[in-house]
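Peer 1: One structure is given below, represented as structure tokens, and several questions about it will come after.
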Amino acid sequence: MTPTLRQTFHVSKTWNALHPKNVQQYGLTFHFLFPFVLLLPDKPATDNYFSSMVSSEKIDAPAAPKPVGLYPHARRVGNLLFLSGIGPRDPETDGVPGLKRSPAGNYTEFDFEAQVHSVFRNVRAVLEASGARWEDLVDVTVFLVNMERDFHTFNHIYAEYFKDNQPCRTTVGIDSLPTPIAIELKCVAVINS
């Protein structure tokens, strides 16, 4: 027997009774998935149930650096475009712009500004391969490996790129990234087509 969503995510009858419009008459149920409340149809919870509601398309961008793991550059779900973490690596050489290392692995040259400009070029390449534009960005999460050193520089360059379109933004300081880069962006866009 396949469980229904109501059985999978138990909902208190008290909540439905307190709600001014009892949504069960429309075949819908409230589901609590902290911190969100979802309103979903009462249907069997099968593996392809949600995929049948909204299609999902995997997107690989040839003009962007190859991912360092098994994941696409982006995934489109409805009119939302979710970009995987995008760093500043050069798509042709796989090198990090503005970064040179000695044979022992020590940095001999570091140019954070070059990495910022490169990460924006790479994000744009993924957007274009997905049928989106820079202006379609609605949310940007920034990961910096050295917040104290790099935040002000990043903020200044970011303002140059987002004069007209101003998506929501979160900047997070982290210890490291999988490659020797100093910045990575995670973006969401809305494609109006």
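Throughout, read-outs are computed from the coordinates displayed, never taken from laboratory work. The structure displayed is predicted, hence computed values, not measured ones. Positions of Cβ are generated from backbone atoms using ideal geometry, with glycine treated the same way; all protein chains shown enter the neighbour counts.
Peer 1: Per residue of the range 165-175, what does 6.51 cos²θ - 1.76 cosθ + 1.60 with θ = phi - 60° give for ³J(HN,Hα)? Whole Hz please, x for Gly and Pro, Karplus curve as stated.
Peer 2: Working through the residues one at a time gives 8, 10, x, 4, 8, 10, 10, 10, x, 10, 6 Hz.
Peer 1: Please count, across the range 56-190, the pairs of lysine residues with Cα atoms under 21 Å apart that sit 8 or more places apart or on different chains.
Peer 2: Lysine pairs meeting both conditions in the range 56-190 amount to 5.
Peer 1: Follow-up question, since we're still on this one. For Ile174, Ile86, Ile59, which order do you get if you count the other beta carbons within 10 Å of each Cβ and list the fewest first?
Peer 2: With the fewest neighbours first, Ile174, Ile86, Ile59 line up as Ile174, Ile59, Ile86.
Peer 1: Any idea how far apart Ala104 and Arg75 come out in nm if each label point goes 7 Å out from Cα toward Cβ?
Peer 2: Rounded to a tenth, the inter-label distance reads 4.4 nm.
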